């Protein structure tokens, strides 16, 4: 009889703990998704973006490319820092492109891979913010 009562109490406590945990997880997930759903306006994107003028360089396949970018940062401080690091940005772009072959840059997937690679490498340089997105704004491969 005493064992039965103890098992019942433990079962009720376990159910209560599981319910409280579930409610907490749902509440946290709900708050997290509501914060991330607000997309910035185009004015905000442009205000936090830096243009990288056309870079011309050789590829690993002895072809050459002319390419330009717009880099979106997460705010004013990051934009200011990126503008000051323009020589490092160009250097990084040239290094990355010099390792690529023409086939690596053809098509949508090749260009998206380059954008993602540059984003990761540029974020390693940044101290006062982050790079949100790298856009290719012009490209000529010969």
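Just so you know, all these numbers are worked out from the coordinates, no wet-lab data involved. All values reported here derive from a predicted model rather than from experimental measurement. Methodologically, a virtual Cβ is constructed for each residue, glycine included, from the backbone with ideal geometry; neighbour enumeration extends over all protein chains shown.
Numbers at a glance
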item: Computed over the chain: relative contact order in percent, which uses C-alpha pairs under 8 Å that are six or more apart; result: 27 percent
item: Those residues of segment 42-65 whose amide nitrogen sits under 15 Å from the label point placed on residue 94, 7 Å along Cα→Cβ; result: 53-60, 65
item: Gyration tensor (alpha-carbon) shape descriptor, the chain, a/c threshold 1.5; result: prolate
item: Helix-only mean residue ellipticity at 222 nm for the chain, each DSSP H run of n ≥ 4 adding -39500 (n - 2.57), per residue, nearest 500; result: -19500 deg cm²/dmol
item: On Cα atoms only, tilt of 86-98 relative to the major axis of the chain in degrees; result: 90 degrees
